[in-house]
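Worksheet: one structure, shown below.
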Amino acid sequence: MKTTNVNSFDQTLKYKLYRTVYEIIHPTISKKNISSYRIVFNDDVLPVRVFYPKKVSNISKVIIYVPGVTEVTGCLGDYAEICRNISHETEELVIALDLDDIDSSSFLDVFDWCYRSFLYLRTELEKLGILDNNITLMGDSIGASTILGIVRKSGTKDSRLVLFYPVVSDACLDKSSKGIDSLVIKKIKKFYKEHVKNRKLLSNEIIFPDCNKDYKYENDMLFIVGNADPLKKDILEYYNRINYDGRLEFLELEFCGHGFLNEMDEFLVNEVSSKVVDFLK
């Protein structure tokens, strides 16, 4: 979803082309701290960023990360560091989708690309013996709600979900733009106005998961939200009434707003990392 001339992950767009997912899981040399990679498949390029843990041998667990929209989260240029930290703290390989390379203004088109990318990665990882129970879906903001849509459409049940401040309800479009949360709300409203042209689609559960309150999740799910996030109430309400069979956890962080991943101090990094690592055990 090309909206800026700066990439969400970094400003240096140097890529190595991989032909298969196998090459990523079994690197021939140490890829420590190197993240700009793409996968070539079906005569096309799958724009992803790959982040290696400190130990690159015997990779058996993978996190597929869907970043939020930087106009909303304010994380422009920061996702490389965010995903690198996640990989190092969890000791898992992170494959992050690079949405800036998707040339479409339609949210549903971008979602379809994310969905097809997930299916491709899931199939290729399964061939290598990495099944759903060793694949975590992680994302933030609109990227986190995209993950919920992918889970619903694909029916994957065993993958764990880590959701940083997801946009789960269209209630955010009705919120007042006055007060301390005005900037975030204005950005969210602007995003959906620009990328969801047909207003009837706002009742689509792929866009806002809360539109289908009867869907039953069987995945283990972790919600992480800041107490100063203007969406916190909507997310908490969704969490409290969610229909599920798996493990369900909620972490509320003090003095954090929407998009806090790009501005965490050492104490907050430790708190979030500890929770995520414990959840993924």
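The values are calculated or read from the model by the stated rules, or taken from the named source; none is laboratory data. This structure is a prediction, so every number in the text was calculated from the model and none was measured. Methodologically, a virtual Cβ is constructed for each residue, glycine included, from the backbone with ideal geometry; neighbour enumeration extends over all protein chains shown. Each accessible area value is taken on the protein alone, full model and side chains, heavy atoms only, with ligands, DNA and RNA left out. Shrake-Rupley method; radii C 1.70, N 1.55, O 1.52, S 1.80 Å.
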Study note, to complete from the structure: For the table K187/K281; K197/K233; K153/K197; K213/K281, the rows whose alpha-carbon distance is greater than 24 Å are K187/K281; K197/K233; K213/K281
Exercise for review: Note down the magnitude of the dipole of the stretch 91-149 about its Cα centre, charges +1 on Lys and Arg C-beta and -1 on Asp and Glu C-beta and zero elsewhere, to the nearest 20 debye.
Suggested key: 260 debye
Check your understanding: Among K232, K187, K197, whose mean-square fluctuation peaks in a Gaussian network model of the chain (Cα, cutoff 10 Å)?
Key -> K197
Study note, to complete from the structure: Here the Cα Rg-to-2.2 N^0.38 Å ratio for the stretch 57-189 is 1.11
Study note, to complete from the structure: Rounded to one decimal in nm, the spacing of the 7 Å Cα→Cβ label points at K200 and L17 is 4.3 nm
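Multiplying the sequence separation of L248 and S182 by 0.36 nm and subtracting their Cα-Cα distance, what value in nm do you get?
Gain on extension, L248 to S182, equals 20.7 nm.
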Check your understanding: Taking θ as phi - 60°, what are the ³J(HN,Hα) couplings along the stretch 104-110 by the Karplus curve (6.51, -1.76, 1.60), each to the nearest whole Hz, with x for Gly and Pro?
Key -> 8, 9, 8, 4, 5, 5, 5
Exercise for review: Please work out the ratio of the alpha-carbon Rg of the stretch 81-137 to 2.2 N^0.38 Å and round it to two decimals.
Suggested key: 1.29
Exercise for review: Given the options V40, V162, V184, state which has the largest fluctuation in a GNM of the chain using a 10 Å cut-off (strictly under) for Cα springs.
Suggested key: V40
Exercise for review: Take the Cα atoms of the chain, build their convex hull, and give its volume per residue in Å³.
Suggested key: 123 Å³
Practice item. Evaluate the relative contact order of the stretch 141-281 (contact order divided by residue number), counting alpha-carbon pairs under 8 angstrom at least 6 apart; express in whole percent. Key: 28 percent
Review point. In the chain, with Lys and Arg counted as +1 and Asp and Glu as -1 at Cβ, which of these residues, T73, F267, F191, has the Cα nearest the positive end of the dipole, that is, farthest along it?
Key: F191
Point to revise | Table column - 3J(HN,Hα) (Hz), the stretch 263-275, Karplus curve with 6.51, -1.76, 1.60, x for Gly and Pro | key: 9, 8, 7, 4, 4, 5, 4, 5, 5, 5, 4, 4, 5
**Study point:** Candidate aspartates and glutamates for bridging to K275, where Cα separation is under 18 Å - those fewer than 8 sequence places away on the same chain excluded
**Key:** E89, E91, E92, D140, D220, E249, E252, E254, E263, D265, E266
Point to revise | Karplus (6.51, -1.76, 1.60) ³J(HN,Hα), θ = phi - 60°, over the stretch 136-152, in Hz, Gly and Pro reported as x | key: 10, 9, 9, x, 9, 6, 5, x, 5, 5, 4, 4, 4, x, 4, 4, 5
**Study point:** Highest-fluctuation residue, E252, E91, E266 considered, GNM on the chain with Cα pairs under 10 Å
**Key:** E266
Check your understanding: Taking the DSSP beta bridges in the chain as the whole, what percent of them are antiparallel, to the nearest 5?
Key -> 20 percent
Review point. Along the positive direction of the dipole of the chain (beta-carbon charges: Lys, Arg +1; Asp, Glu -1; about the Cα centre), which of G257, I102, V50 reaches farthest?
Key: I102
Review point. Modelled label-to-label distance, T123 and S60, 7 Å Cα→beta-carbon offset: nm?
Key: 2.7 nm
Practice item. Heads up, I need the accessible area for K213: 1.4 angstrom probe, whole protein in place, Å², nearest 10. Key: 120 Å²
Check your understanding: Can you list the residues, at least 5 places off or on another chain, whose amide H is less than 5 Å from the amide H of I59, using H built in the peptide plane?
Key -> none
Check your understanding: With charges set only on the Cβ (+1 for Lys and Arg, -1 for Asp and Glu), what does the dipole of the chain come to about its Cα centre, in debye to the nearest 20?
Key -> 480 debye
**Study point:** Relative contact order of the chain, defined on C-alpha pairs under 8 angstrom at six or more residues apart (%)
**Key:** 17 percent
**Study point:** Calculated [θ] (222 nm, deg cm²/dmol) that DSSP helices of n ≥ 4 give over the chain, each run adding -39,500 (n - 2.57)
**Key:** -10500 deg cm²/dmol
Exercise for review: Using R₀ = 30 Å, calculate the FRET efficiency as 1/(1 + (r/R₀)^6) where r is the Cβ-Cβ separation of V277 and K190; round to 0.05.
Suggested key: 0.25
Study note, to complete from the structure: To the nearest 20 debye, the stretch 230-281 has a Cα-centred charge dipole, built from +1 on Lys and Arg Cβ and -1 on Asp and Glu Cβ, of 260 debye
